[in-house]
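The values are calculated or read from the model by the stated rules, or taken from the named source; none is laboratory data. Computed from a prediction, not measured in an experiment: that's the story for all the values here. Here the Cβ positions follow ideal geometry from the backbone for every residue, glycine too, while neighbour counts run over all protein chains shown. Accessible surface areas use protein heavy atoms only, side chains included; no ligands, DNA or RNA. Shrake-Rupley method; radii C 1.70, N 1.55, O 1.52, S 1.80 Å.
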Amino acid sequence: MSQYPKWFLAINFPSIIFAMAMMTFFMFGGVHPFGDVDSVFWSFIIYLFTQLLWIVPIVLFFISVFAWGWARERLAVGCCAAGWVVNVIAFLLLYNA
């Protein structure tokens, strides 16, 4: 972890922690932020979008860490910021559900 600057880890680490914390609500809490529909197909699509709200920030965390290791600092910071945006959207949907 010494190859990563402390500021990068400080802004990137909470992104994965928040995603892991929200994962329990989206998987086991019975939260339906997009509502319920009668169609099986649309219900499955909504389920996939709901699961992407916690999967995408975790994937973006690992992409940003690997990108920093490959000397792609701009991509790494962009992925970290995108992870934060998805976390904020997921939190707002969870709060309003």
Testing the spin-label approximation: label points 7 Å from Cα along Cα→Cβ at R72 and M20. State their distance in nm. 2.5
Among 6-14, 37-45, what's the highest-first ranking by average C-beta atoms within 10 angstrom per residue? 6-14, 37-45
Give the residues of the range 55-97 whose amide nitrogen is closer than 12 Å to a point set 7 Å from the Cα of I11 in the direction of its Cβ. 73-85
Would you work out what percent of the accessible area of the range 27-97, with all protein chains in place, is carbon or sulfur (probe 1.4 Å)? 73
Counting helices only, and only those DSSP H runs with n ≥ 4, report the 222 nm mean residue ellipticity of the chain as the sum of -39,500 (n - 2.57) divided by its residues, in deg cm²/dmol to the nearest 500. -28000 deg cm²/dmol
Going highest first, how would you order 61-69, 76-84 by mean Cβ packing within 10 Å? 76-84, 61-69
Find how much the distance from M27 to Y95 grows on full extension, using 0.36 nm per residue of separation minus their present alpha carbon separation; answer in nm with one decimal. 23.0 nm
Just to be sure I understand, if you calculate semi-axes √(5λ) of the Cα gyration tensor in Å for this structure, which of (i) 44, 15, 12; (ii) 30, 13, 10; (iii) 23, 17, 13 do you get? (ii)
Pairwise centroid distance, computed over Cα atoms, of the range 37-69 with the range 1-35, Å: 12
Order of exposure, largest accessible area first, which applies to T24, T50 with probe 1.4 Å: T24, T50
